[in-house]
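Some notes on the structure that comes next.
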Amino acid sequence: MDHSSFLTGLQTPYYLLDEQAIVDNLTRIDRLCRLSGAKALLALKCFATWGVFDAMRPYLHGTTSSSLFEVRLGKEKFGGETHAYSVAYAAHEIDEALSYADKIIFNSFNQLHVFKDKAKTAGVPVGLRLNPNVSNSSFIIADPARPFSRLGEHDVAKILDVCDDISGVMIHYNCENDDFAAFSKTLDDIETKFADVFACLEWVSLGGGIHFIGDEYPLESLAQRLKDFSERHGVQVYLEPGEAAVHNGAALVTTVLDTLHNGKNLAVVDASIEAHMLDLLIYRSPAPLVSINHQTLNLSENVSDGSTIIYGKSCLAGDIFGEYQLGALKQPLAIGDQVAFGNAAAYTMVKKNWFNGVDMPSIVIKKLDGTISIQRTFDYDDYKDSLS
Ligand SMILES: Cc1ncc(COP(=O)(O)O)c(C=O)c1O
């Protein structure tokens, strides 16, 4: 994103979405699909800011979801193929979910047995989530193959018993995996384990979590691997990119409200990591500092050896965006400085909350044609209405 273009005069905090940065990712996804024959569905759990869907739609085949509301949003705001999935549907949700879905994927045998007839009556093809008990996730909290995982069925004999009820499966087992060799190796294991299951099916979704948008990622090799998989098993492959679709697609723009010194330089900004970039707190990752006062910073300046700590304004003691080495700047952060954190699209806007009643960042979009649209602002009534 071109951080020099941050707006002066616009009230912070705000999320600034950059349609061009998102389209750059999607162009790569589109290329992967063309080379491999796979179809790509945006994972709404990662990103559901529908104000930029018009720019995204041409590059993707549709959306996939993790709840009734997401599948509805996918149908209403994105279109294309709309996959419905939920860890567990409630009985009162299923008819409505089916009314939006082009395919529905159940998480367990129980859910499949209870709802498959409704899906059949509605004419919606049915899938089952499989758990291969292997993964490429280094975070236990995000690892579908964690011990005693509830995410999908794993017993091949029992899965073969329900093959007549399903036309496809979904296997999500990667997390920000940027290692093609590791991906391919794990897929080998999955193919060995589920070859007989795949033989009964028309489609296989390999979920999300493949970080193939870096320039150095061997996209052609991945495409060939997916094509081989598809041809070997006679299935349509789906991918469910979330993070890869919107990586670096937004920044959270904030203003320094106060500074203190307590062993280190401290700055407090008008946003909160717990409320506005919660995923980073969960994964204990610093927010990438991408610009100060409209001056773009190199990522190499983002060394976390901590001369300055940037705090959020909630009362959580550890509401810390990160510790930054700001030696490259001539002077410490000062009240009124504008500070922007990058990579604020994936798993960020979907998790924002009203903790502490902190101002909700506005949603601002830098359109493909370069114009700026203030898409949404929030006020006290939004906070109040979210509670009773
Ligand atoms: C079933 C499923 N599909 C797709 C995704 C998207 O993954 P990512 O954003 O890492 O690409 C997830 C993420 O948790 C998922 O659980």
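Pairing each residue of region 204-225 that is small (Gly, Ala, Ser) with any residue that is open to solvent by 20 Å² or more (accessible area, probe 1.4 Å) and more than 13 Å from the ligand (Cβ to nearest atom), provided the two are 6+ apart or on different chains, yields C-beta distances under 6 Å for Ser221/Phe180; Ala223/Leu35.
For every residue, the table says whether it meets (1) at pLDDT 95 or above; (2) of a type in the set (A, V, I, L, M, F, W, C); (3) open to solvent by 60 Å² or more (accessible area, probe 1.4 Å).
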| site | (1), (2), (3) |
| --- | --- |
| Ser86 | yes, no, no |
| Ala101 | yes, yes, no |
| Asn110 | yes, no, yes |
| Phe115 | yes, yes, no |
| Leu151 | yes, yes, no |
| Lys158 | yes, no, yes |
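Kindly establish whether Ala48 is outside the structural domain of Asn353 (by TED's automatic domain parsing), open to solvent by 20 Å² or more (accessible area, probe 1.4 Å) and modelled with pLDDT of 95 or more. So Ala48 passes the test. Looking across region 344-360 at every residue that is within 12 Å of the ligand (Cβ to nearest atom) and either in a loop (DSSP other than H, G, I, E, B) or within 16 Å of Ala287 (Cα to Cα) (or both), the one that is most open to solvent (accessible area, probe 1.4 Å) is identified as Tyr347. Meeting the requirement of 1 or more residues that are within 16 Å of the ligand (Cβ to nearest atom) and of a type outside the set (Val, Ile, Thr), the strands (runs of 3 or more DSSP E) wholly within region 199-313 are 203-205, 236-239, 250-261. For region 24-45, a residue qualifies if it is surrounded by fewer than 22 Cβ atoms within 10 Å (Cβ to Cβ) and more than 14 Å from the ligand (Cβ to nearest atom), and the qualifying residues are Asp24, Thr27, Asp30, Arg31, Cys33, Arg34, Leu35, Gly37.
The values are calculated or read from the model by the stated rules, or taken from the named source; none is laboratory data. What you are looking at is a predicted structure, and each value in this text was computed from that prediction instead of being measured. Glycine gets a Cβ as well: all are built from the backbone with ideal geometry, and neighbour counts include every protein chain shown. SASA here: full protein model, heavy atoms, side chains in, ligands and nucleic acids out. Shrake-Rupley method; radii C 1.70, N 1.55, O 1.52, S 1.80 Å.
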